[in-house]
There are 2 protein chains.
Amino acid sequence: MLRSQVSTFLEIDIETIRYYESLNLITKPARLSNGYRTYNDKNLEEIKFIQHCRSLGIGLEEIKALKNLKPASDCTSANVIIEKNLKLIEQKILDLNLLQIQLENLSKSCSTKGTSENCGIVKSLVKESLSFKKTLLKNKAQDHGHKNESIQ
Amino acid sequence: MLRSQVSTFLEIDIETIRYYESLNLITKPARLSNGYRTYNDKNLEEIKFIQHCRSLGIGLEEIKALKNLKPASDCTSANVIIEKNLKLIEQKILDLNLLQIQLENLSKSCSTKGTSENCGIVKSLVKESLSFKKTLLKNKAQDHGHKNESIQ
DNA sequence: CTTGACCCTGTAATCGCTACAGGCTTTAGA
DNA sequence: TCTAAAGCCTGTAGCGATTACAGGGTCAAG
């Protein structure tokens with residue numbers, strides 16, 4: 001299978017495949033005499049594995065760790081990774097629920113028909129942050145070591 | 001107020017303030033004779049406004065748009081921005097709820113005591129993605145124009 | 001024999017920061 | 001008075017996970 005076929009088959013961007021290869025997340029595919037990559041079943045499985053993990057929000061370095069688990073070793077590290085991602089997701093859900101409420105309130109505060117001078121949205125945004133927003137910001141600040149896992 | 005004072009007072013990283021200035025999100029603070037920036041009340045309000053919007057998950061370009069709304073103009077664009085972010089958040093919550101369920105299932109599938117050969121986590125991860133994970137990936141793919149707003 | 005579709009490599013852009021290098025200024029203490 | 005530390009300045013690079021683009025080679029169809 002050539003790159004574009006893999007891309008279509010697995011619904012993955014062509015460049016992403018090359019990116020994974022550059023990080024040694026997949027074994028290097030064989031090359032045809034003209035230099036074109038050919039992906040075999042093993043390559044495809046590896047890419048699918050990454051897709052699966054990514055769809056669970058697991059980071060690429062952690063995916064590499066999971067992939068490199070020796071079959072006979074104990075699986076504590078797999079547990080650690082899953083638990084860590086679970087906690088992150090739980091926190092994100094809590095944060096997003098707060099954001100949702102706030103944005104809904106903002107949305108309600110405008111009838112769409114006035115000038116922005118009278119607009120509840122603009123007024124509210126200009127007002128000082130409420131206390132629980134500071135809490136949110138602090139949560140984000142604690143996230144320093146995990147830059148890829150902010151609320152955004 | 002000098003940079004470090006603003007940083008402490010508003011609980012914002014020192015460099016972030018300069019970053020916002022570089023994007024013209026705040027008016028350029030006055031300079032002392034030695035070149036040091038001094039932040040006045042207006043500067044502080046602008047930074048607070050950005051913090052507030054950021055805490056709601058609004059992107060910097062959108063914050064700029066909100067900031068530039070003329071007082072007398074109508075506030076349709078403010079509404080559009082809020083509604084857009086609300087929809088994004090609602091979708092993210094749905095996605096994260098799915099991820100949570102999946103990771104919980106994964107977590108349950110391992111007793112922590114076996115080898116990774118027998119580990120339910122590793123086994124499940126290697127298995128092919130289920131259909132609703134593909135749905136998730138598609139949602140992400142549709143996010144192309146909003147790279148800062150992926151699930152991560 | 002040219003056009004277009006595909007492949008290759010390397011590198012820059014994205015977003016919202018954060019960090020660092022290399023240099024100036026100011027303040028406090030020895 | 002000297003010096004060290006803290007704070008400021010600028011410009012630039014790094015993060016993570018892609019995506020895009022420039023500049024080139026290869027291949028099949030018309």
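Buried area at the A:B interface is about 5600 square angstrom, summed over both chains, from accessible surfaces computed with a 1.4 angstrom probe. With a 10 Å cut-off around each Cβ of A:42-51, the average count of Cβ atoms from other chains is 2. Computed on the range A:28-69, the Cα convex hull volume stands at 74 Å³ per residue.
Pairs from the list A:LYS87/B:LYS64; A:LYS108/B:LYS92; A:LYS87/B:LYS42; A:LYS64/A:LYS87; A:LYS92/B:LYS64; A:LYS64/B:LYS108 with a Cα-Cα gap above 31 Å: A:LYS87/B:LYS64; A:LYS87/B:LYS42. Projected onto their three principal axes, the Cα atoms of the range A:1-88 cover extents of 45, 27, 18 Å, largest first.
Taking the accessible area of the range B:11-92, probe 1.4 Å, and keeping the other protein chains in place, the carbon and sulfur fraction comes to 55%.
The values are calculated or read from the model by the stated rules, or taken from the named source; none is laboratory data. Since the structure is predicted, the reported quantities are computational estimates derived from the model, not experimental observations. Please note: Cβ atoms are built from the backbone with ideal geometry, for glycine as well, and neighbour counts cover all protein chains shown. Surface areas here come from the heavy atoms of the whole protein model, side chains and all, with no ligands, DNA or RNA. Shrake-Rupley method; radii C 1.70, N 1.55, O 1.52, S 1.80 Å.
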